Each structure stands twice: as C-alpha cells, then as structure tokens.
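Structure record follows, encoded as structure tokens.
Readers should treat all values here as calculations from the given coordinates under stated rules, not as data from a laboratory. Keep in mind that this is a model prediction, so the values were computed, not measured. Cβ placement follows ideal geometry from the backbone for every residue including glycine, while neighbour counts extend to all protein chains displayed.
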Amino acid sequence: MLSLGFSAGLPLLLVFGTLSFWLREAGIDRTTIGYLSWVGLAYGFKWVWAPLLDRLPLPGLTRWLGRRRSWLLVSQTVIVAALVGMAMTDPQRTLMPVVWCALALAFASATQDIALDAFRIESADATRQAALAATYQSGYRLAMIWAGAGALWLAARAETPQAANYQHAAWQFAYLVMAVSMLPGMLTVVFSREPSAVVLERARNPAQWLKGALIEPFTDFLRRYGRQALLILSLIAVYRLSDVVMGIMANPFYVDMGYTKDEVATITKVYGVIMTLLGAFVGGALAMRLGVMRVLMMGAVLSAGSNLLFAWLATRGHDVGALVWVIAGDNLSGGIASAAFIAYLSSLTNVKYSATQYALFSSMMLLLPKTLAGYSGAAVDAVGYGPFFVATACLGLPVLLLVWLAMRWQESVTKAPSPN
C-alpha cells in the first residue's frame, strides 16, 4: 500500500502545480495555463467509467494478472508514457503535445485511482482496512512532496549556471525522473497477489445497470433529504470554490514574483504539506469536540480569508519571510476545511450506496470549481494578482450563507420531536 499510494499521489501535482510552474517559466501566458487546468476535470468524471473496470476484461492481461492488477498496470504504463512524452516536448516551442500528454496523464491517473481503491478494499477484511488506508495515505503524501518539491529541486539542480533563465533540459530531467519513480508501484502490482474475485450481480440489460449504478443512489439521497437536498448539493458544489479557483494561479504567481524553484519547493511543497496535515489533525479534533457543522463554517471562513493573505503578498514582491507566513495560514486553513468537509460528505452517505454516493459527491465538489478555475489566468491578465485574490475570497461568501442554512436545518431536525 505504501508503494501503490506513492504511485497514486505522484501524477496529481505533475499535471497541476508543478506543470503550471514549468509552463509559466517557459513563458506560457497565464490565460493558457488557466485553460489547461481543465484537464483535471478527468478526476471529476471518473465515476462515469468506473463501472467498466468492474466488468471489462483486458485481453491477455486479465488472464495473466487478474481484473484489478491488469487495470492497474495498464494505467501505470500510460502514466509513465505520458510523463516521458511531456519530458521530451518543449512547451516553449510547441504546446499541444504537452496538452495531450497532460490529458492522457490525468485520465490514466484517475483510472489508477479507481482500480487501486478496489484493489485495497478487496485485499483484506474490514479489520485491516484502517491500516491499509493509513499506509496508502502515507505513500500518497510522500509522493506529493516528491512530485512537488522533488521535481522543482531536480530541475534546479539540473540547470546550467549562468545560462538562460528557462532551460528545457532541466525540466526534461525532472520529469524523466518522475517517470522512473513509477517503477516501484508497477513492480508491486506485478508481484502482488490478485484479490479474491468478487462475484458481481450482472444486470440483465443496460437500463437495469444504469438504474442500479447511478439512479438508485441519487433516488435514495433525494428520498432521505427531500427539499433540503438542493441546499446540500449546492453546498457541496461551491464549498471549495475559493481555494480551487485561486490555487491554479499560485505557481505562476510565485514565478512572476521572482521566487526560485528552491524557495517554492521548500516553503510551499514541504512546509506547506506539513501545515496541511497539521490543519487536518486540528480540524478532525475540533469536529469531534464542536461538531462537524461548526468546523465546516470555520473552514469556510478561513479558506476564503486566507486568499486575502495572497492579495497582501502580491504587494510585497519577493519576500520569502512573508511567503512562509502566508503558506502557513493558507495550508493550515485548507487542512481544517478539508477535514470538516470530508466528515460532512461521509455523514451524508447511505451505507448501502456509500461508494457510489461518496464518489458522486466528491466529483460534484470539483466540477464547478475546476470549470471556473480555467478562467483564472484570463482574470489575472485582466485585473492583476491582487484584485484576483480578493475576488476569489469573495467567492467564499455564498458558502458561508449555505453552511449557515444547513446548520439551521440540521438543528431543526435534531430538535424535532420523534414520532411515537
């Protein structure tokens, strides 16, 4: 699980944060970088093709490796190929091959996530799932540090002194090392045991399958929450709006402010991850003491407010000390908000449909933010970084209203007399 978690966490930043730093250093305009972030919508729609991984065998491979490992190995192979393709292409000369490779990387990474979740759940009984999940998350977080800080450090070390500011060979080296870093996960897949096959109840026709896979989980949710379902779905759709829209422009902002790869790697990719983990721990502890809804409101306030720190940072120029404080506040806030939001989503699901409902909720929470985030580069080009960061903070205001309404509704349900 440690190795497979590492394989799952590696591609995420290489198609988002690290890539945006590379593209901005190569002189790609912010508007284009913002549009390119739309490749991340693949993660928001992975529930659409997830059922295929349960039912579609891969010729030859499934007979050799089994259902789960065959899909894992294919997705990992595509990830390696996409990373090599990105490494061998200079975006300063031609951008479209990088775009296509990034799109392939996002889809393959989302597919790996689907297969890996199933592999983990089927590999052990319920008493061992917590240990598997914890080890998986450890590998995932290590990979995010390696793909974020590690890639920037590698690119900085590979640069030729006194040469031009942008050196494609340095980024090529970093991304080739990232591709090689997938090998431990691939070897783990090859030498692991295939989980015991789960006998699936096969639908008699496509309509029956669609009803069981998508319609019934939604129908159950609407039946349980009634008129409040729209409020809950609206809250899910916008809760992460301010931080996701702002986050796409974070790395281009660091480049434009003159921060070096080493500074960004150390402060945002290592120290920032540590602060996020601390925030998640604090958020979980507060949720147990104060209740999920109160911490959900706290997280919404902090997430929106931390964007104002970036607006202040935009006035400071190249100020490493200020960057440390801003990253501390932003990542601590994000960790608290994420912990509360995950707990809230989990509380909404019916055990009977937990996997499908949670996958749909987690996908829904990304669709609107990722779609709007594609326009973030154009917004920065139009108004500048400072006003853009203030505007993203304002995107959090509707979230506060929705959380307050959800709290009022939950309190009314709690106080309502139970039927005799």
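Reported to the nearest whole Å, the Cα centre-to-centre distance from segment 247-286 to segment 358-412 is 19. The stretch between residue 124 and residue 400, if pulled fully straight at 0.36 nm per residue, gains 95.3 nm over its current Cα-Cα span. Net charge of the neighbourhood of residue 170, taken over other residues with C-beta under 10 Å away and scored Lys/Arg +1, Asp/Glu -1, is 0.
Kirkwood radius for the chain, taken over all pairs of different Cα atoms as the inverse mean of 1/r, rounds to 22.6 Å. Taking each DSSP H run with n ≥ 4 as -39500 (n - 2.57) and averaging over every residue of the chain yields -23500 deg cm²/dmol at 222 nm.
Please give the net charge around residue 404, taking every other residue with its beta carbon less than 15 angstrom from that of residue 404, where Lys and Arg add +1 and Asp and Glu add -1. My count for the surroundings of residue 404 gives +1. Longest stretch of the chain clear of exposed loop sites (trypsin sites (Lys or Arg not before Pro), DSSP loop, at most 13 other Cβ atoms within 10 Å, sites excluded): 205-315.
A Förster radius of 30 Å combined with the Cβ-Cβ distance from residue 371 to residue 49 puts the calculated FRET efficiency at roughly 0.95.
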